[in-house]
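Here's the structure, in structure tokens; my notes come after.
The values are calculated or read from the model by the stated rules, or taken from the named source; none is laboratory data. Keep in mind that what you see is a predicted model, and the values were worked out from it rather than measured. Counting neighbours? That spans all protein chains shown, and the Cβs are built from the backbone with ideal geometry, glycine included.
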Ligand code: ADP
Ligand code: K
Ligand code: ZN
């Protein structure tokens, strides 16, 4: 089903005109309300009048996560505080999280685009839909939640954790749809089997999977074991949250809600726009956002764009799967983790050498993060209690910075190898089959 035929099946000419009109309005807005953008444009000798169509977007400055960090917390906000009705946060590279404020209209756009995704997956008002992304500061939980409500299906705000209880709810309430990370879906399948149930005991038929990269093999396995059809759901907090793009029944690329989020692919080295079909870094401009609109935000996600009308009837540009990142961000249980966050915690504790290694693995379909760190010679002791206390302090600090638990392995000085190729602080053993 197509939620908003008007927008989703627009002719390319109409879309071009709509995007052009919206970009002009956006540029005028940020020029007047956001000193960061006004300064950047003035430095480039650019005035809002220079932007006449969406094709002029290449003249505009880029925005990076570092810019968000430098302007923490509200420096890039374009709407006055009285207009902001909700705030979400996602991980920053170090220290400060990224803060995103939404106006009432932003929230209604978000629900609209999420409803488009769900309708494309085949969700209807008859469905009971479990949202198993984390609720709270992350955009996953609440973002999907209001999309389900807006569509008119019944939402079960299950969030994450307590998987056995969740499985019982899935069975007892006849839950038909679920939004979660693909790795959590595999863990759920395992839990169903461990509880002595089969896919015939549950009624799940639709899965909305995202927040981390996954493959067609994972899709096949999840579909097989849970007896559902799994669709990709992509998004990021800076741009909105989940709902930026979605797979339709064709499962051939994810349709971008491009009347709201304008996509470009650039070469991450030269920053030049690349033609359709080529792989590079995905960049988004938020065409309608009021709270924190962004010009040409560099997602660091690597993928390609596909043009042409889809067999489903939608005319929007599609994006391929995310093939990797152009930075060192790791996604662990759907949560973004930067090695620099771990580094800053370790540098802040005199007990440790500035030597560490992150070892990421997937056991029983759950991501595991181990942090290996060298203890300074003068802090190394036979006193087990002291060593355990040191471990606990580090573990607590990491948990509060990363929002996920890490298993700490204390190492002797000089035991961590100093050069392991490109990202010498990360060993990622997860194989995306
Ligand atoms: P979310 O809660 O939607 O995951 P975050 O801002 O925490 O939002 O993380 C966004 C990042 O997560 C994206 O830039 C991308 O790297 C990754 N991501 C989100 N959805 C997908 C997806 N469907 N496939 C691959 N990676 C994804
Ligand atoms: K994520
Ligand atoms: Zn389609």
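Observations on the model:
- Complete set of residues in region 36-54 that are in contact (Cβ under 8 Å) with a residue 24 or more places away in the chain and under 31 Å from the mean Cα position of the chain (by Cα): 36, 37, 48, 51, 53, 54
- Looking at 268, 263, just one residue is more than 17 Å from the chain's Cα centre (by Cα) and either closer than 16 Å to residue 320 by Cα or without any contact (Cβ under 8 Å) to a residue 60 or more places away in the chain (or both), and that residue is 268.
For (1) over 23 Å from residue 274 (Cα atoms); (2) surrounded by 16 or more Cβ atoms within 10 Å (Cβ to Cβ), each residue gets a yes or a no:
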position	(1), (2)
51	no, yes
57	no, yes
70	yes, no
76	yes, yes
81	yes, no
89	yes, yes
93	yes, yes
97	yes, yes
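Conditions tested, residue by residue: (1) under 18 Å from the mean Cα position of the chain (by Cα); (2) away from ligand 2 (no atom under 16 Å from the Cβ); (3) outside the structural domain of residue 102 (by the TED database).
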| site | (1), (2), (3) |
| --- | --- |
| 272 | no, yes, no |
| 280 | yes, yes, no |
| 283 | yes, yes, no |
| 287 | no, yes, no |
| 291 | no, yes, no |
| 300 | yes, no, no |
| 303 | yes, no, no |
| 306 | no, yes, no |
| 312 | no, yes, no |
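- When the strands (runs of 3 or more DSSP E) confined to region 202-259 are screened for residues that are under 13 Å from the mean Cα position of the chain (by Cα) and within 16 Å of ligand 2 (Cβ to nearest atom), those reaching at least 1 such residues are found at 206-210, 229-236, 241-247.
- The residue that is surrounded by the fewest Cβ atoms within 10 Å (Cβ to Cβ), among those in region 100-128 that are without any contact (Cβ under 8 Å) to a residue 60 or more places away in the chain and in contact with a helix residue (DSSP H, G or I) (Cβ under 8 Å, 6 or more places away or on another chain), is 125.
- Residue 414 being surrounded by 13 or more Cβ atoms within 10 Å (Cβ to Cβ) and modelled with pLDDT under 95: no
- Residue list for region 118-153, filter: away from ligand 1 (no atom under 16 Å from the Cβ) and at positive phi: 122, 152
- Number of the exception - residue 399 against (1) more than 20 Å from residue 212 (Cβ to Cβ); (2) outside the structural domain of residue 246 (by the TED database); (3) surrounded by fewer than 14 Cβ atoms within 10 Å (Cβ to Cβ): (1)
- Counted residues, region 116-137 - those being over 22 Å from the mean Cα position of the chain (by Cα) and over 16 Å from residue 243 (Cα atoms): 5
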